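Here's the structure, in structure tokens; my notes come after.
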């Protein structure tokens with residue numbers, strides 16, 4: 001069994017628009033940091049899998065898939081924020097296939113952990129619409145492949161990104177086989193992810209949002225993980241944890257106003273790994289989402305990889321220079337009451 005497997009999106013630089021924050025350098029900053037650490041060559045790199053058509057059409061509507069493919073052929077935009085190029089369709093399929101490869105390697109036991117550098121990102125892509133820089137929902141497709149092709153019955157997706165993963169929530173809203181969690185800044189794009197959005201139908205009680213006010217930092221993340229996410233994961237008992245990871249909650253990110261550090265993100269992922277080791281055979285896979293400061297890309301991703309590998313981490317960027325607002329405490333108190341949990345780490 002490999003301790004870690006990687007996915008790298010070959011040719012991803014063809015998905016590019018000058019001046020756009022979702023740029024190829026994001027991936028290269030992460031890869032360079034891993035190379036300097038000696039981790040890139042130490043662990044196996046996986047080729048993307050072909051995404052089965054039934055899986056693809058379970059997550060995204062055939063109508064949207066047709067629109068996306070045609071839009072990519074022409075190039076231009078899906079919306080004001082989300083560009084496509086003639087290479088974007090194949091690269092989106094490749095990113096989804098990389099997420100599948102990493103998730104399936106961990107599920108099958110051929111790897112303990114996995115880290116997919118997926119680009120284009122995915123968590124804003126809904127069943128029938130791409131948006132927010134996202135074309136196909138990579139982590140949702142990976143989860144669906146585990147369910148549809150490999151017999152998984154209870155999966156958890158933990159979204160640690162600056163923005164709410166409205167697409168992932170949309171896709172699993174009425175399903176009980178995937179519990180979706182999100183920490184995110186609020187208010188902020190896309191405007192979803194309130195506390196009371198908890199799922200519907202068979203998915204009632206399988207969707208948990210923890211919206212954080214601007215200025216929230218490591219203390220907020222630590223409390224949300226300790227008092228909310230970990231107890232709810234223990235209650236749900238997933239067979240595997242999939243992490244939507246963005247480095248944009250970092251204090252240096254230009255698109256947000258959270259004040260988390262790479263150390264805070266490392267500690268959060270490490271706790272998820274520890275729970276997985278006790279509850280679901282250690283199965284954890286990380287799928288990349290957002291993040292737009294290149295130094296934060298390197299620092300936070302080194303922290304995530306160290307957490308996956310169970311190794312110590314020294315934060316090269318250090319703690320936030322901004323004092324953390326404590327306004328998040330009211331949200332945590334309400335969330336604990338909503339979910340029947342105790343706030344033990346105020």
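The values are calculated or read from the model by the stated rules, or taken from the named source; none is laboratory data. Please read these numbers as outputs of a predicted model, since none were measured by experiment. Every residue, glycine as well, gets a Cβ built from its backbone with ideal geometry; the counts of neighbours run over all protein chains shown.
Restricting to segment 255-269, name every residue that is more than 15 Å from the chain's Cα centre (by Cα) and more than 18 Å from residue 327 (Cβ to Cβ). Of everything in segment 255-269, those that are more than 15 Å from the chain's Cα centre (by Cα) and more than 18 Å from residue 327 (Cβ to Cβ) turn out to be 255, 261, 262, 263, 267.
Of all the criteria given as (1) in contact (Cβ under 8 Å) with a residue 40 or more places away in the chain; (2) touching a helix residue (DSSP H, G or I) at 6+ places or on another chain (Cβ under 9 Å); (3) not in a helix (DSSP H, G or I), the one not satisfied by residue 312 is (1).
Annotation note: of 275, 317, the sole residue that is in contact (Cβ under 8 Å) with a residue 40 or more places away in the chain, outside any helix (DSSP H, G or I) and surrounded by fewer than 24 Cβ atoms within 10 Å (Cβ to Cβ) is 317.
All told, residue 336 meets the bar of being touching a residue at least 24 places away in the same chain (Cβ under 8 Å), surrounded by fewer than 24 Cβ atoms within 10 Å (Cβ to Cβ), in a helix (DSSP H, G or I) and in contact with a helix residue (DSSP H, G or I) (Cβ under 7 Å, 6 or more places away or on another chain).
Residues that are out of contact with any strand residue (DSSP E or B) (no Cβ under 6 Å at 6 or more places or on another chain) and farther than 14 Å from residue 287 by Cα within segment 109-143 comprise 109, 110, 112, 126, 127, 128, 129, 130, 131, 132, 133, 135, listed in sequence order.
Answer with yes or no whether residue 241 is touching a helix residue (DSSP H, G or I) at 6+ places or on another chain (Cβ under 8 Å) and closer than 17 Å to residue 163 by Cα. It is false that residue 241 is touching a helix residue (DSSP H, G or I) at 6+ places or on another chain (Cβ under 8 Å) and closer than 17 Å to residue 163 by Cα. Summed over segment 147-165, residues that are more than 24 Å from residue 262 (Cα to Cα) and either out of contact with any helix residue (DSSP H, G or I) (no Cβ under 7 Å at 6 or more places or on another chain) or surrounded by fewer than 19 Cβ atoms within 10 Å (Cβ to Cβ) (or both) total 7.
Filtered by the rule that a residue be closer than 16 Å to residue 157 by Cα and either in a strand (DSSP E or B) or free of Cβ contacts under 8 Å to residues at least 12 places away in the same chain (or both), segment 92-134 gives 113, 114, 115, 116.
The condition (being at pLDDT 95 or above and within 21 Å of residue 101 (Cα to Cα)) is satisfied by just one residue among 238, 231, 214: 238. Among the candidates 195, 228, the residue that is touching a residue at least 60 places away in the same chain (Cβ under 8 Å), in a helix (DSSP H, G or I) and in contact with a strand residue (DSSP E or B) (Cβ under 7 Å, 6 or more places away or on another chain) is uniquely 228. Count of segment 41-87 residues, restricted to those that are within 26 Å of residue 175 (Cα to Cα) and touching a residue at least 40 places away in the same chain (Cβ under 8 Å), is 14. For segment 281-292, a residue qualifies if it is more than 15 Å from the chain's Cα centre (by Cα) and more than 17 Å from residue 142 (Cα to Cα), and the qualifying residues are 281, 282.
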